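Let me begin by presenting the structure, written as structure tokens, before commenting on it.
The values are calculated or read from the model by the stated rules, or taken from the named source; none is laboratory data. Everything numeric here is computed off the predicted structure, so don't read it as measured data. A quick note on method: Cβ atoms are made from the backbone with ideal geometry, for glycine too, and the neighbour counts reach across all protein chains shown. Just the protein is used for accessible areas: all its heavy atoms, side chains included, with ligands, DNA and RNA removed. Shrake-Rupley method; radii C 1.70, N 1.55, O 1.52, S 1.80 Å.
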Amino acid sequence: MKQRTRTVLYTLGALGLAGAVAGGATVALGLYNVSARAGHFAPVYWALHTTYRNAVELYSGAPETPAPNLDDPALIELGARHFETACAMCHAVPGQTRSATVRGMNPVPPHIEEAVGTWDPEELHWILYEGVKMSGMPQWPSVREDDVWAGVAYLRAIQNGAVTPERQAELTAREETGGPEGAAFCAGCHGGTEAHVPRLDIFDADYIEAALLAYREGRRQSGIMQHAASLSDPEQLRELADWFAEEAPAPERRRHEASVETLETGAQLARGGDDDVPACTACHGPGPRDLSGFGGEVLEGKFPPLAGQDEAYLITQLRLWRDGVRGGTEAHDLMRVAAQELEEAEIEALAAWYAALDPATGELGPGETGASAPNPLRQASDH
């Protein structure tokens, strides 16, 4: 019995050694043909695809950032515009074909109408965020998970048949702006998309340029904006910043319903403050800014005005500050301290109040819910 066991072990050892030698020779001598034209054997394709599908099902649990309303037209449009420049070169869009060069890749990137398959939203989110090894599918170019949902919303709309070739053209249409190079591309979102992106006409050029550079250099996180900022040379960013700050038309924004009570809560939070953190209005307005005691001379001009800003965008940014993800400016630590104790209802109230204000006057804008009531800015305490 011992002799038989020893024989089996020697045999297994010899086979293992032979396999290692064969594998080493294949690598060292280049015996494996890596030609894309030669392709893989059919069992290899099966093994790779099966591993891919099973791995996605295994690892794609619920993301840390919960899914928003994936049927939101503005979110779908944002995803479509990002997909057009970041992904369509490999996967095409509804109504278009892939180029001959892309069809020569191995494995061939599937057309987007095929690629969406029957994946559920969590699985689509995982694929977009993580990427796929040995396929050419890149990971999301940011640590942020929340802005992946715009891409998921767009892909789900393709799954559901809501994005026809005609609808695709509407989602990604660009109007001639007369601005510098790249202005029409930027204005597609920052002037056309109704929500989830900031309006830039209320920012000054210095702030816009600083934000673009922070995105380009990876100091501020967003897979969508880091990609967009990388498409322009650094010297072009100043031209774009000047144009958006001075000449870009104010976009039509989606109005959100907010009760008088919500607006009053938002006003009180914005006007509040303590010995450690200044009131929101002290840095972001409306009204005169007072940064005394908080390094005002150093930080003045680094804080964007927020009156009239998009509500969904403000909610996202406050969450990022609260969760320690947002950075990009020399004042980021101050904002993290200011936001770290905010509860979800407080974030929503702050965003609703700022979004309801007219940028020019700091008053509640006409047509906003509660606009006929006394201005909460004047009702809030001055502490």
Legend entry - In region 35-53, the residues that are polar (S, T, N, Q) and either within 24 Å of TRP126 (Cβ to Cβ) or not in a loop (DSSP other than H, G, I, E, B) (or both): THR50, THR51
Inset, instruction - Would you please name the residue that is most open to solvent (accessible area, probe 1.4 Å), looking only at residues in region 241-254 that are under 22 Å from the mean Cα position of the chain (by Cα) and in contact (Cβ under 8 Å) with a residue 40 or more places away in the chain? - result: GLU252
Inset, instruction - Working only within region 226-235, note down all residues that are without any contact (Cβ under 8 Å) to a residue 40 or more places away in the chain and open to solvent by 30 Å² or more (accessible area, probe 1.4 Å). - result: SER230, ASP233, PRO234, GLU235
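Each row is one residue, and each column tells you yes or no for (1) out of contact with any Cys (no Cβ under 8 Å at 6 or more places or on another chain); (2) farther than 21 Å from GLU348 by Cβ; (3) not hydrophobic (A, V, I, L, M, F, W, C).
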residue: PRO198; (1), (2), (3): yes, no, yes
residue: ALA205; (1), (2), (3): yes, yes, no
residue: GLU209; (1), (2), (3): yes, yes, yes
residue: ALA214; (1), (2), (3): yes, yes, no
residue: GLN221; (1), (2), (3): yes, yes, yes
residue: GLN226; (1), (2), (3): yes, yes, yes
residue: LEU240; (1), (2), (3): no, yes, no
residue: GLU246; (1), (2), (3): yes, yes, yes
residue: LEU263; (1), (2), (3): yes, no, no
Legend entry - Top-ranked residue in region 114-132 [being over 22 Å from the mean Cα position of the chain (by Cα) and not polar (S, T, N, Q); ranked as least open to solvent (accessible area, probe 1.4 Å)]: GLY117
Legend entry - Qualifying positions in region 33-66 - more than 20 Å from GLY136 (Cβ to Cβ), touching a residue at least 24 places away in the same chain (Cβ under 8 Å) and exposed (fewer than 15 other Cβ atoms within 10 Å of the Cβ): GLU57, GLY61, ALA62, GLU64
Inset, instruction - For region 170-188, enumerate the residues that are of a type in the set (Ser, Thr, Tyr) and either closer than 21 Å to CYS90 by Cβ or open to solvent by 70 Å² or more (accessible area, probe 1.4 Å) (or both). - result: THR172
Inset, instruction - Return the residue satisfying two criteria in turn: it lies in region 135-164 and is β-branched (Val, Ile, Thr) and assigned to a helix (DSSP H, G or I), and of such residues it is most open to solvent (accessible area, probe 1.4 Å). - result: ILE158
Inset, instruction - Have a look at ARG167, ARG238, ARG219 and point out the one that is in a helix (DSSP H, G or I), more than 30 Å from GLY117 (Cα to Cα), basic (Lys, Arg) and open to solvent by 40 Å² or more (accessible area, probe 1.4 Å). - result: ARG238
Legend entry - Test result for ALA187, out of contact with any Pro (no Cβ under 7 Å at 6 or more places or on another chain) and within 24 Å of PRO121 (Cα to Cα): no
Legend entry - Count of region 1-56 residues which are among the aromatic types (Phe, Trp, Tyr) and modelled with pLDDT of 85 or more: 4
Legend entry - ALA205 being over 30 Å from PRO94 (Cα atoms) and open to solvent by less than 20 Å² (accessible area, probe 1.4 Å): yes
Legend entry - Single unsatisfied condition, VAL197 versus (1) surrounded by fewer than 23 Cβ atoms within 10 Å (Cβ to Cβ); (2) in contact (Cβ under 8 Å) with a residue 60 or more places away in the chain; (3) among the aliphatic types (A, V, I, L, M); (4) in a loop (DSSP other than H, G, I, E, B): (1)
Legend entry - Selection from region 87-101 of residues that are farther than 25 Å from ALA229 by Cα and either surrounded by 17 or more Cβ atoms within 10 Å (Cβ to Cβ) or β-branched (Val, Ile, Thr) (or both): PRO94, THR97, ARG98, THR101
Legend entry - Residue tally, condition in a helix (DSSP H, G or I) and modelled with pLDDT of 90 or more, over region 288-333: 12
Inset, instruction - Check whether at least one residue in region 271-287 is at pLDDT 90 or above and either within 29 Å of VAL148 (Cβ to Cβ) or open to solvent by 70 Å² or more (accessible area, probe 1.4 Å) (or both), and report yes or no. - result: yes
